[in-house]
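One structure is given below, encoded as structure tokens.
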Amino acid sequence: MEASGSWDAIDWNQIEDPRSRRSSQGMEEFLLEDEEVYAQGHGVVLLNTDEAGIVSVTNFRLLFVSQATKSIIELGTIPLSTIEKLNDDVKLQSLPRQYDKKQPRELLQVIGKDMRVIVFAFRPRTKQKNEVFDALRRYTKPSQLWELYAFSCDPSTVDKKSDPKMRLMKEYHRLLSEGSEFEVEKYYFRNNWRLTTVNSSYSLCSTYPSQLIVPKSISDEDLWQASTFRAGRRLPIISWCNPVSGAVLARSSQPLVGLMMNFRNNADEKLVSALCTQNVDANLPPR
């Protein structure tokens, strides 16, 4: 991706909603939300498994669907961001049973960052291979950030003039999937969590939001002490909470334990322990 595609340069409100131009080309049952097909090849043989089917280049992945089983073949399906190299000049010494030597097919090799080497055989004298190859070359290295599937799936509609605090509350509501954003603060208080403004001036951690969700048993002083034990002061903070079980996903940077000294931090351990034992329902056993 070109370095000129700066995140700060994006006008999020001007990003086109791709759902208005979505193309599925008869693959609806196999596509994810807002996934669209850019190029397609029919009667393609996946030489790794000797199966014939349809190969599609979408805004998210290279997708191979078996003609016989009408199902996705995982070996021949790979996210675009996982593709390391493409090779359209392939010569194989041994050929599978379905490969017709009298009418040699056009081969395309896809090498993945996960060590996979996938080889497709296209029908000769058609444009299918070139269309798939050109689409892969373009979309595995997009020139614009908003060509990534992450933006296609949910294009931003943030109003930059809206209150930042309200936007943050709305995001916390989305993560928790509970109640309305206007009831978020009450929700946390009722369920053993609390909102803290300890980072209101971004002095605790410059890369974290101004308000954080933390266990009610953890004080602001605990947060200050725990932050000194983490790289970039990025202490463990909730990024998602299961509203049924109370289980949370928390993000943090590496602890500063040292190479030989095996340093410890009581506040950090207390915070991690609280994240592991809090429950939405007090009647439930600890997680």
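Residues that are of a type in the set (Gly, Ala, Ser), out of contact with any Leu (no Cβ under 8 Å at 6 or more places or on another chain) and more than 14 Å from Lys70 (Cα to Cα) within region 24-38 are absent altogether. Applying a threshold of 8 Å to beta carbon distances and a minimum spacing of six or more residues, or different chains, the list of pairs starting in region 69-91 at a residue that is closer than 11 Å to Ile118 by Cα and ending at one that is open to solvent by less than 40 Å² (accessible area, probe 1.4 Å) and assigned to a helix (DSSP H, G or I) reads Ile83/Leu136; Leu86/Phe133; Leu86/Leu136. Of all residues being over 22 Å from the mean Cα position of the chain (by Cα) and within 15 Å of Leu62 (Cα to Cα) in region 107-121, which is surrounded by the fewest Cβ atoms within 10 Å (Cβ to Cβ)? Just the residue, please. Out of the qualifying residues, it is Val117.
Looking across Ile72, Ile10, Ile83, one residue alone is surrounded by 11 or more Cβ atoms within 10 Å (Cβ to Cβ) and modelled with pLDDT under 85. It is Ile10.
Could you check region 25-61 and list, in sequence order, the residues that are within 28 Å of Arg125 (Cβ to Cβ), touching a Phe, Trp or Tyr at 6+ places or on another chain (Cβ under 9 Å) and among the hydrophobic types (A, V, I, L, M, F, W, C)? Hits for region 25-61 are Ala39, Val44, Val45, Leu46, Leu47, Ile54, Val55, Val57. Scanning region 39-56 for residues that are under 23 Å from the mean Cα position of the chain (by Cα) and crowded, with 24+ Cβ neighbours inside 10 Å gives Val55, Ser56.
The values are calculated or read from the model by the stated rules, or taken from the named source; none is laboratory data. Because the structure is a prediction, the values reported are computed rather than measured. Heads up, the Cβs are rebuilt from the backbone with ideal geometry, glycines too, and the neighbour counts pull from every protein chain shown. These accessible areas exclude ligands, DNA and RNA; they are computed on the full protein's heavy atoms, side chains included. Shrake-Rupley method; radii C 1.70, N 1.55, O 1.52, S 1.80 Å.
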